[in-house]
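Trainee: Pasting a structure here, questions to come.
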Amino acid sequence: MKLSTLTLGTCAMLLSGVSLAQEKTELQYFRQNSKEGLNVFESPKEKGGDFDKVRVFVGGDFALQFQAIDHSNSLNNLVQLGSNFNLPTANLNINTQLADGLRLHLRTYLSSKHHNESWVKGGYVQIDRLGFIKEGFLDGIMDYTTVTFGLDEFNYGDAHFRRSDNARVIFNPFIGNYIMDSFSTEAFGEVTVQKDGLIAVLGLSNGKLNQNVIVNDNTDNKVSFYGKLGVDKQLNDDFRFRLTGSWYMNNGTTTGSWLYGGDRAGGRYYGILQPLEGAANDFEGRFNPRFRQMTAFQLNPFIKYKGLEFFGIVESVGNSEEQGNGNFTQLSGELLYRFGGTEQFYLGGRYNTVKGKNNDSDPSEIEISRLNVGGGWFMTKNVIVKLEYMNQEYKNGFGATSIYNDAKFNGVNLEAAISF
């Protein structure tokens with residue numbers, strides 16, 4: 001009993017200290033984990049709060065869905081799906097302001113679809129000022145430059161800024177992520193330059209999702225190189241235009257294969273395409289080419305005129321001739337209309353397709369498409385409710401014995417979430 005009382009008292013003191021810290025100052029160069037972070041891509045170069053001492057900021061994400069989806073295929077070998085709540089998901093976010101312009105981010109998945117246990121998604125250190133080395137050191141360069149390194153998601157493409165990251169769903173206007181979901185957590189380092197609306201990113205990663213130092217006869221590790229060039233301009237009070245192009249390259253046969261399979265939290269649609277016999281696949285609804293010697297390009301236009309908003313993806317990924325010379329193309333168009341006094345409501349749709357071959361000798365192309373239609377309400381800047389209808393179809397390229405042959409799933413989802 002005494003131990004419980006002491007523990008509760010200690011937790012109360014820690015939480016009060018965290019609360020006091022968040023009242024006094026703000027994180028610097030930080031994308032807010034709320035409605036204020038909508039349509040923020042790279043971390044802003046506006047400083048935000050002032051630094052007086054090391055402070056810890058604790059935040060979280062919580063998401064719950066009610067799912068009413070049906071599925072089918074030509075084999076009629078799928079489990080029956082009902083309408084019910086899914087397992088809630090939760091994130092713990094810890095951000096520490098270590099010095100002026102120097103902060104640490106750490107995210108832990110407390111509850112996710114794919115893992116029952118809590119585990120660290122990843123973390124990074126972000127440097128926007130070098131005053132901790134010497135006052136004013138390279139300020140002329142750091143006015144426009146950000147250096148980030150760690151083991152976490154890296155900045156390939158713009159789609160990962162709008163996707164759901166386990167329970168952090170507040171930036172995704174719909175429930176599911178894109179069919180080819182370019183997201184991975186790898187050991188990386190990158191430099192970002194933002195000046196007068198121009199953006200340049202240059203980085204490298206070790207190409208590995210699961211870190212391992214053991215070498216065997218099949219080991220062929222190569223560094224992954226990636227980058228981004230673009231422009232992001234607020235042309236007037238009503239009109240914003242952004243266009244970026246990104247690339248990712250890896251020539252190793254045992255690295256670089258995780259770009260579209262690096263989200264270990266699992267997909268956002270539950271129980272879909274699960275066979276009556278055999279293990280469930282927690283990642284269904286996505287498509288991972290599983291290329292090894294990979295080269296990928298992603299083009300992202302973003303336009304916002306008053307409440308009207310468009311975001312697009314034109315993406316191509318291919319492997320080497322030695323690995324089969326396969327290639328896939330992903331297209332996505334997302335049109336939203338945000339309205340209300342603070343644009344707290346929105347309606348819109350997204351259409352997403354993936355087409356291509358795993359190998360140039362394949363007899364036919366694989367084709368998958370998804371339609372999302374729905375809307376949402378930001379009840380406060382930290383609380384959102386979303387409703388969508390979705391329909392995904394596996395149209396071509398799957399053999400008669402494949403679970404994806406003539407497969408589809410569609411229905412309605414309701415998602416409520418809190419992020420802070």
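The values are calculated or read from the model by the stated rules, or taken from the named source; none is laboratory data. Because the structure is predicted, anything quoted here is derived from the model rather than measured. Ideal geometry is used to build each Cβ from the backbone, glycine not excepted, and the neighbour counts take in all protein chains shown. Ligands, DNA and RNA are stripped out before the accessible areas are found, and what is left, the full protein with its side chains, is counted by its heavy atoms. Shrake-Rupley method; radii C 1.70, N 1.55, O 1.52, S 1.80 Å.
Trainee: Evaluate region 199-212: report whether one residue or more is hydrophobic (A, V, I, L, M, F, W, C), out of contact with any Gly (no Cβ under 6 Å at 6 or more places or on another chain) and more than 30 Å from TRP377 (Cβ to Cβ).
Mentor: Yes, the conditions are met somewhere in region 199-212.
Trainee: Name the one entry in TYR270, TYR260, TYR248 that is buried (at least 21 other Cβ atoms within 10 Å of the Cβ) and in contact with a Pro (Cβ under 7 Å, 6 or more places away or on another chain).
Mentor: Every option except TYR260 fails the conditions.
Trainee: Please enumerate the residues belonging to region 284-296 that are part of a loop (DSSP other than H, G, I, E, B), surrounded by 19 or more Cβ atoms within 10 Å (Cβ to Cβ) and in contact (Cβ under 8 Å) with a residue 24 or more places away in the chain.
Mentor: Of everything in region 284-296, those that are part of a loop (DSSP other than H, G, I, E, B), surrounded by 19 or more Cβ atoms within 10 Å (Cβ to Cβ) and in contact (Cβ under 8 Å) with a residue 24 or more places away in the chain turn out to be GLY285, ARG286, PHE287, PRO289, PHE291, ARG292, GLN293.
Trainee: Can you name the residue in region 88-133 that is out of contact with any strand residue (DSSP E or B) (no Cβ under 8 Å at 6 or more places or on another chain) and over 16 Å from TYR29 (Cα atoms) and, of all such residues, is surrounded by the most Cβ atoms within 10 Å (Cβ to Cβ)?
Mentor: Restricting to residues being out of contact with any strand residue (DSSP E or B) (no Cβ under 8 Å at 6 or more places or on another chain) and over 16 Å from TYR29 (Cα atoms), the top hit is HIS114.
Trainee: Counting just the residues of region 134-185 that are open to solvent by less than 30 Å² (accessible area, probe 1.4 Å) and among the basic types (Lys, Arg), which one comes out nearest to LEU38 (Cα to Cα)?
Mentor: Here the residue is ARG162.
Trainee: A follow-up question, please. Quick one: how many residues across region 191-216 are surrounded by 18 or more Cβ atoms within 10 Å (Cβ to Cβ) and among the β-branched types (Val, Ile, Thr)?
Mentor: Of the residues in that region, 3 qualify.
Trainee: Taking the stated definitions as given, is GLY267 closer than 22 Å to PHE328 by Cα and not basic (Lys, Arg)?
Mentor: Judged against the criteria, GLY267 is a match.
Trainee: Out of (1) modelled with pLDDT of 95 or more; (2) at positive phi, what's the single condition that is false for GLY37?
Mentor: Only one criterion is unmet by GLY37, namely (2).
Trainee: Take PHE66 and decide whether it is surrounded by fewer than 16 Cβ atoms within 10 Å (Cβ to Cβ), without any contact (Cβ under 8 Å) to a residue 24 or more places away in the chain and of a type in the set (A, V, I, L, M, F, W, C).
Mentor: no
Trainee: Among PHE85, PHE30, which is buried (at least 19 other Cβ atoms within 10 Å of the Cβ), under 26 Å from the mean Cα position of the chain (by Cα) and among the aromatic types (Phe, Trp, Tyr)?
Mentor: Unique residue meeting the criteria: PHE30.
Trainee: Then there is this: Given the conditions (1) aliphatic (A, V, I, L, M); (2) in a strand (DSSP E or B); (3) free of Cβ contacts under 8 Å to residues at least 60 places away in the same chain, which single one is not true for VAL201?
Mentor: All conditions are met except number (3).
Trainee: Here's another thing I want to ask about it. Which ones in region 273-283 are among the hydrophobic types (A, V, I, L, M, F, W, C) and either open to solvent by less than 50 Å² (accessible area, probe 1.4 Å) or in contact with a Cys (Cβ under 8 Å, 6 or more places away or on another chain) (or both)?
Mentor: LEU273
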